[in-house]
Amino acid sequence: MSEVVPTGKAGLPAANAATASGTIAAQSEPDMKGWLLKWTNYLKGYQKRWFVLSKGVLSYYRAEHGAGANAGGRSAGGKLSIRRRRKGPRAESKGSMMQCIRAPRSPTRLNAPPETKKDRKKNKKNQAEMTHTCRGTISLHGALIHTVDSCTFVISNGGTQTFHIKAANEVERQSWVTALELAKAKAIRAMESDEEEEDTAANTIPSEELNLVVRELTVRLENLKTCYDLITKHGAALQRALSELESGEDLANKTKIVSERATLFRISSNAMINACSDYLQTAQTQGHKWSKMLQHERDQKLHLEEMVEQLARQHSHLEQAAHRHRPNAAASASDDEDNEFYDAQEEGGSVASQEDSSFILKIPVAHHRRNSNDATGSSSEGEEGNSETQQVLVVTDNLDNMDMTDRISVNSSQALTPTLSNNNQSTKVARRRRTRVPDKPNYPLNLWSIIKNCIGKDLSKIPMPVNFNEPLSMLQRLTEDFEYSEILDKAAQCKDTCEQLAYVTAFTVSSYSTTSNRTGKPFNPLLGETYECDRTDDLGWRCINEQVSHHPPMAAQYCESRGWRCWQEFTMTSKFRGKYIQIVPLGYAHVEFPATGNKFTWRKVTTTVHNIIVGKLWVDNHGDMEIYGEKSAKGVKCHLKYLPYSYFTRDTQRRVKGVVMDNSNQVKWVINGTWDSKIEIAPVTSTSGSAENPVYKTGNYKTAWSRRLPPTDCDKYYNFTLLACQLNEPEPNVAPTDSRLRPDQRLMEDGKWNESNGEKLRLEEKQRARRREREAEAEKAAAEGRPYPPYEPIWFSKQQDEGTDSLVHVFKGTYWDAKAKQEWSKCPDIF
């Protein structure tokens with residue numbers, strides 16, 4: 001059912017490496033193709049699709065009417081130039097179809113014996129048809145390939161697309177998985193090769209490059225002129241000798257002279273040909289490089305022109321706004337980037353006013369439940385999400401008589417305090433921890449010289465110096481999500497499921513509080529890097545993180561406390577556009593309360609860092625978040641909206657508003673606040689209005705979360721909070737892969753940035769060398785026809801997510817036992 005292209009040492013098909021026509025044909029043929037079953041949706045289940053693997057991209061096509069009749073187990077009836085295999089002079093019989101279904105052959109070669117004229121005509125027609133029926137593609141350079149069972153495997157690019165595919169049997173599944181892993185390795189290698197070549201061309205000093213090439217071309221040109229003079233001289237001499245030959249006297253002597261002149265002319269001509277060839281080769285070699293450099297400069301010029309034009313428009317908007325004390329009419333929050341350049345307002349927005357406590361919110365009419373496809377993006381065919389919304393009005397009743405005790409019920413404005421029972425404190429004394437890190441040194445840096453060649457690239461692939469970093473890894477930044485874990489402790493005590501979800505919502509917002517003034521980039525974790533944070537002695541929870549994938553970058557986290565447990569699989573897609581950096585988180589986070597059996601799941605919203613080139617850096621979080629219940633809380637959900645920052649609006653900046661609904665879609669709690677200051681929640685006391693436009697009245701608001709302000713001098717040490725200062729504090733008995741032991745990060749914290757940059761380059765090159773070793777082993781295994789096991793994390797394992805077909809990384813539960821025994825033999829040497 002599938003076909004594979006074998007390659008020789010030169011990268012050409014083995015049978016066609018001798019001829020140019022065979023080479024061209026092989027380059028145009030896919031690496032593998034064949035009929036497979038693809039999961040579409042719960043109504044249609046698995047459907048037959050035609051898959052083509054070519055140049056690091058997997059594409060699939062809808063089965064045309066009648067196409068599947070001949071493709072049930074043999075490649076003769078398939079599309080896209082499926083070639084018939086012949087055994088001697090006799091072609092395969094039609095009766096072999098059922099035999100192929102029962103026991104499919106191993107993949108056949110594309111360079112099979114020539115097809116008949118009828119086959120070529122039919123395949124040409126089928127190929128034209130299939131070109132117009134492509135249903136989707138997925139690039140393999142950053143894809144995850146999972147084997148589910150003996151016949152099923154899953155391909156996901158980390159967030160936007162997921163293919164669930166089923167083969168006829170285990171042999172065919174393994175053939176596809178091996179081909180996909182090999183194509184992924186080649187795609188990664190080709191992508192990095194192109195980026196290195198582009199970076200090399202872009203970073204070459206133009207004047208030195210130009211002088212060197214001009215001198216070389218000048219020498220070649222002088223050789224051409226010399227050869228031209230020689231040809232002219234010997235050509236004239238040969239012409240004179242031929243003229244004298246016509247006189248008829250002393251023919252023998254004149255014939256000898258003509259022969260000598262002709263020999264000299266031939267030698268000069270050959271020298272001219274060689275000189276032309278050298279000149280042409282030099283010009284072509286340098287011309288290709290110059291062409292790429294010129295195209296790169298053109299792209300940079302276009303980006304710069306676009307940014308200058310945007311800056312001019314924004315400057316004009318600012319001038320117009322400066323003449324007004326406030327815009328005459330409130331402009332609605334917009335995603336238009338023209339309104340997102342201006343410096344953000346100062347921190348500490350409040351929602352205490354009557355105007356801010358009443359708001360209008362549009363919520364989805366139907367709850368979109370996460371399934372196997374949209375767990376990492378949807379790839380269903382012909383399915384569109386329900387975009388219908390309902391507009392609701394929330395008003396506050398009796399705000400003046402609000403109970404202030406409720407307002408500060410969870411407000412911990414002091415330093416980090418214990419959250420569990422004090423019974424544990426009598427037997428275990430909390431260790432004394434540091435309260436700050438060394439001050440950030442002031443090193444000058446030419447920002448534009450570094451980022452001008454990075455426009456349009458993925459943020460995780462930009463080789464930034466540590467000058468843009470903060471001395472924490474991404475694994476440690478994820479641990480900062482639990483800075484306000486007391487909110488989850490409060491939620492664990494709630495008896496009402498909707499109220500519990502309201503507190504969980506406040507917890508999800510609290511994780512963004514440090515982004516308002518933290519613009520440093522965390523270190524990208526190395527594959528296999530871990531980070532543990534055991535704060536059971538004072539905060540009541542402990543957490544373990546591991547970098548489980550490198551392409552795409554993915555981290556797995558598990559945190560547990562006495563009344564709850566929380567876990568997430570974090571990956572992201574990001575792009576640098578010159579003026580701003582946009583980070584779109586992928587993957588889901590979960591929290592579960594064992595006492596009630598309630599489980600809640602959500603995905604984080606988009607974060608944008610503005611003013612990369614001009615102005616003060618500032619961060620905005622915007623988008624819609626849906627938190628939905630599972631298990632005992634099934635049907636309960638919260639719709640939360642993060643309003644994007646806009647200069648032209650009367651609304652509170654950094655505003656967050658939302659509602660909690662029960663399993664009958666009735667609003668029970670209201671969420672209101674700002675993501676950099678506090679979140680207030682209030683129960684709904686009455687409902688009025690129509691079913692299409694309901695009006696909900698709320699009772700007294702109480703503060704579910706209030707931000708602890710950092711020290712006044714925190715700008716001297718990366719604007720770290722107290723917990724952030726303690727995350728990288730040295731600790732004994734941790735795993736040898738722990739982020740605290742990362743040398744470049746430790747050197748940066750100590751203020752030795754030059755040494756840190758050197759260590760960073762060394763670690764990155766060491767990681768690339770390990771990846772090349774794995775790719776070489778995978779290629780060797782593929783050549784020998786045996787499966788090659790992919791990289792497996794140490795403390796997490798891939799398991800099927802509850803209620804979906806997706807594979808997620810689940811904590812094995814063995815880390816803390818290994819730490820107690822100091823058994824680190826499984827840990828790789830990454831530092």
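Read-outs: derived from the displayed coordinates by stated rules, not from any lab. Note that the structure is predicted; figures quoted are calculated from it, not measured. In this analysis, Cβ positions are derived from the backbone assuming ideal geometry, glycine residues included, and neighbour counts consider all displayed protein chains.
Some observations on this one:
- Extreme residue, positive dipole direction of the range 512-657, given options TYR580, CYS543, LEU527 (C-beta unit charges): TYR580
- Cross-link table LYS599/LYS641; LYS44/LYS798; LYS495/LYS702; LYS440/LYS521; LYS495/LYS668; LYS184/LYS766, entries beyond 23 Å C-alpha to C-alpha: LYS44/LYS798
- Note on the range 522-600 and the range 497-514: Cα centroid distance 16 Å, given to the nearest whole angstrom.
- The mean sequence separation of alpha-carbon pairs under 8 Å and at least six residues apart, normalised by the residue count of the range 568-621, gives a relative contact order of 31 percent.
- Pairwise label distance in nanometres, SER686 with ASP250, each label 7 Å out on the Cα-Cβ vector: 13.3
- Length released on extending from THR218 to GLN799, taking residue separation times 0.36 nm less the Cα-Cα span: 202.6 nm
- Local electrostatic count, CYS566, Cβ distance below 9 Å [Lys/Arg +1, Asp/Glu -1]: -2
- Remark: relative contact order (the range 496-563) = 21 percent; criterion is Cα-Cα distance under 8 angstrom and separation of 6 or more residues.
- Straightening the chain between ALA781 and ARG240 buys 187.6 nm, computed as 0.36 nm per residue apart minus the Cα-Cα spacing.
- Summing Lys and Arg as +1 and Asp and Glu as -1 over all other residues whose Cβ lies under 14 Å from the Cβ of LEU224 gives a net charge of -2.
- Theoretical FRET efficiency, 1/(1+(r/R0)^6), r = Cβ-Cβ of ASP817 and ARG431, R0 25 Å, to 0.05: 0.70
- Extension gain for the segment LYS575 to GLN391, taken as residue separation times 0.36 nm less the Cα-Cα distance, is 62.9 nm to one decimal.
- Net charge of Cβ neighbours under 9 Å - reference LYS716; Lys, Arg +1; Asp, Glu -1: -1
- Using a cutoff of 8 angstrom between alpha carbon atoms and counting only pairs six or more residues apart, the relative contact order for the range 554-674 works out to 15 percent.
- Efficiency of FRET from Cβ geometry, CYS827 and LYS752, R₀ 35 Å, rounded to 0.05: 0.85
- Dipole magnitude (debye, nearest 20) for the range 487-550, charges at Cβ of Lys, Arg, Asp, Glu: 280
- Electrostatic dipole magnitude of the range 732-779 [Cβ: Lys, Arg +1; Asp, Glu -1; Cα centre; debye, to 20]: 40
- Annotation for the range 603-706: GluC sites (Glu not before Pro) lying in DSSP loop with at most 14 further Cβ atoms inside 10 Å of their Cβ are GLU692.
- Estimated FRET transfer efficiency when R0 is 35 angstrom, pair ASP229-GLU192 (beta carbons, to 0.05): 0.10
- Lys, Arg +1 and Asp, Glu -1 on Cβ, resulting dipole of the range 223-321 about Cα centre, debye, nearest 20: 340
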